[in-house]
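S.K.: To start, I am sharing the structure in question, which I have written as structure tokens.
Bear in mind these aren't lab numbers, they're just calculated from the coordinates by the rules spelled out. Everything numeric in this text was worked out from a predicted model, so none of it was measured. When we count neighbours, we look across all protein chains shown, and the Cβ atoms used for this are built from the backbone with ideal geometry, even at glycine.
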Amino acid sequence: MINRSGVSPVAAVRLPSATPSAPGPASPRPSVDPAVYVRARIAAYLAQYGSHASFALLDKVTGEEVLYQEGTEFETGSIVKVDILATLLWQGQQSGTSLSQSQRQLATQMITESDNDAATALWDQIGGASALAEANAVFGLTETTPGQDGYWGLTTTTAADQLRLLQLIANSSGPLNSSSRAYLLGLMSRVDGDQRWGVPVAADAQATGVYVKNGWLSRSTEDDKWIINSIGRIVEPAHDWLIVVLSNYNATQNSGITLVQHAADLAVQDRPVT
């Protein structure tokens, strides 16, 4: 930063030489709180986007949690498809029925291919906005408002709520039973290759499980700026990351993808050794 204080820099001072002394014991390396370190990195990077980006992370193994602008609302785009399927599965549990073959086909298309027609069909089958709201009340998603008039992609949410949704899917207990959780995670692990951007980019070769659902939408009401969102999970030795990156008002789709990928990478890679 430019120094505007008007104070001149202090001149360097050369000290007289001293006879070297025997080296003493090495100072212990200061411990670094990973959550503090990661949040500082995330904040420094996302600050350039103002209110147009938010972030949430939870390591299910260590309990580390990192939040940045987690209460800011964003339109979901296609990440709401995870919520739609979670609602469908929960409804099946309540009625004691399994998904039909047709529903399974639609669910596969909706999650792995991000097929919008499949999402619309399942949105209608669950009962639309009111049914999603009912399920979300059970799921604990208090900051998610379903899109109206069939516009499921205009559902609004927060990074904090999307982190709760990932916990719902990844935890060993809760409203969704083990079969429903495994089914949803299985689809998220098989997302088409050209849609495996965002959170998966942060995974390294040691990862034993990578799950993702992305959302992207050009908004005509915002000069065709892009909503780019990524939610996912990375399981690796000693860690089980749940990661959410939400953003809007991106100039291009690619610039938004770069944003969410770099934020995820900053959170997981090159972390301090504790």
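S.K.: Looking at the range 147-170, which of its residues are in contact (Cβ under 8 Å) with a residue 60 or more places away in the chain and not aliphatic (A, V, I, L, M)?
M.R.: We begin by selecting, within the range 147-170, every residue in contact (Cβ under 8 Å) with a residue 60 or more places away in the chain; these are 147, 152-160, 162-163, 165-170.
Result: G147, W152, G153, T155, T156, T157, T158, Q162, Q167.
S.K.: If you go through the range 244-261 one residue at a time, do you hit one that is in a strand (DSSP E or B), touching a strand residue (DSSP E or B) at 6+ places or on another chain (Cβ under 7 Å), free of Cβ contacts under 8 Å to residues at least 40 places away in the same chain and surrounded by fewer than 16 Cβ atoms within 10 Å (Cβ to Cβ)? Outline the logic, then answer.
M.R.: First, pick out the residues of the range 244-261 that are in a strand (DSSP E or B): 244-250.
Checking the rest, the ones that are also touching a strand residue (DSSP E or B) at 6+ places or on another chain (Cβ under 7 Å) come to 244-250.
Now restrict to residues that are free of Cβ contacts under 8 Å to residues at least 40 places away in the same chain: none.
No, the range 244-261 contains no residue that is in a strand (DSSP E or B), touching a strand residue (DSSP E or B) at 6+ places or on another chain (Cβ under 7 Å), free of Cβ contacts under 8 Å to residues at least 40 places away in the same chain and surrounded by fewer than 16 Cβ atoms within 10 Å (Cβ to Cβ).
S.K.: Still on this structure, I have one more. Filtering the range 233-252 down to residues that are more than 12 Å from the chain's Cα centre (by Cα) and of a type in the set (V, I, T), which residue is nearest to T62 (Cα to Cα)?
M.R.: At the first step, the residues of the range 233-252 found to be more than 12 Å from the chain's Cα centre (by Cα) are 235-240, 248-252.
Among the residues that remain, those that are also of a type in the set (V, I, T) are: 235, 252.
Values: V235: 12, T252: 36 Å.
The residue in question is V235.
S.K.: Out of S230, S255, I need the residue that is of a type outside the set (A, V, I, L, M) and over 13 Å from the mean Cα position of the chain (by Cα). Which one? Lay out the reasoning, then the answer.
M.R.: Working: S230 fails: over 13 Å from the mean Cα position of the chain (by Cα).
Result of the check over S230, S255: S255.
S.K.: Okay, next question. Against the conditions (1) out of contact with any helix residue (DSSP H, G or I) (no Cβ under 6 Å at 6 or more places or on another chain); (2) under 23 Å from A47 (Cβ atoms), where does L266 fall short? Just the number, please.
M.R.: It is condition (1) that L266 fails.
S.K.: Hey, another quick one. Given the conditions (1) in contact (Cβ under 8 Å) with a residue 60 or more places away in the chain; (2) touching a Lys or Arg at 6+ places or on another chain (Cβ under 7 Å); (3) under 15 Å from E75 (Cβ atoms), which single one is not true for E143?
M.R.: (2)
S.K.: OK, next. Which helices (runs of 4 or more DSSP H) sit wholly inside the range 34-115 and have at least 2 residues that are of a type in the set (A, V, I, L, M) and surrounded by fewer than 14 Cβ atoms within 10 Å (Cβ to Cβ)?
M.R.: On the way: elements: 34-46, 80-95, 101-112.
Ranges flagged: 34-46.
S.K.: Among the listed residues V212, V199, V191, identify the single one that is buried (at least 21 other Cβ atoms within 10 Å of the Cβ) and under 22 Å from A47 (Cα atoms). Please lay out each step first, then the result.
M.R.: Values: V212 fails: under 22 Å from A47 (Cα atoms); V191 fails: under 22 Å from A47 (Cα atoms).
Exactly one of V212, V199, V191 is buried (at least 21 other Cβ atoms within 10 Å of the Cβ) and under 22 Å from A47 (Cα atoms), namely V199.
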